[in-house]
Amino acid sequence: MLPPPESVRVTTSRVACDGATDIPGGAALGHPRVWLEIDEKGYVDCGYCDRRFILIGGPADPEGASGH
Ligand SMILES: [Zn+2]
């Protein structure tokens, strides 16, 4: 089974993803760098690695919704 997609919380609506992770050896599973634009939903999914980028304070930010 595949692990659940990773969620990354970011501060800007324009993010780059190359699939690399902080896990040792994870970079070997990377992909060509792509630029992603977070839309009005507050998040965007990378089409290569399914990583989800969530805009901090946006509609999809679970902590932002709590007013924290
Ligand atoms: Zn990616």
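The values are calculated or read from the model by the stated rules, or taken from the named source; none is laboratory data. Source: prediction; values computed, not measured. Backbone-built Cβ (ideal geometry, glycine too); neighbour counts: all protein chains shown.
Considering each of G19, G26 in turn, give the residue that is at pLDDT below 95 and over 13 Å from the mean Cα position of the chain (by Cα).
Answer to the check: G26.
Checking W35 against (1) surrounded by 11 or more Cβ atoms within 10 Å (Cβ to Cβ); (2) among the hydrophobic types (A, V, I, L, M, F, W, C); (3) modelled with pLDDT of 85 or more, which test does it fail?
Unmet condition: (1).
Any idea how many residues of the range 4-14 are within 12 Å of the ligand (Cβ to nearest atom) and at pLDDT 95 or above?
0
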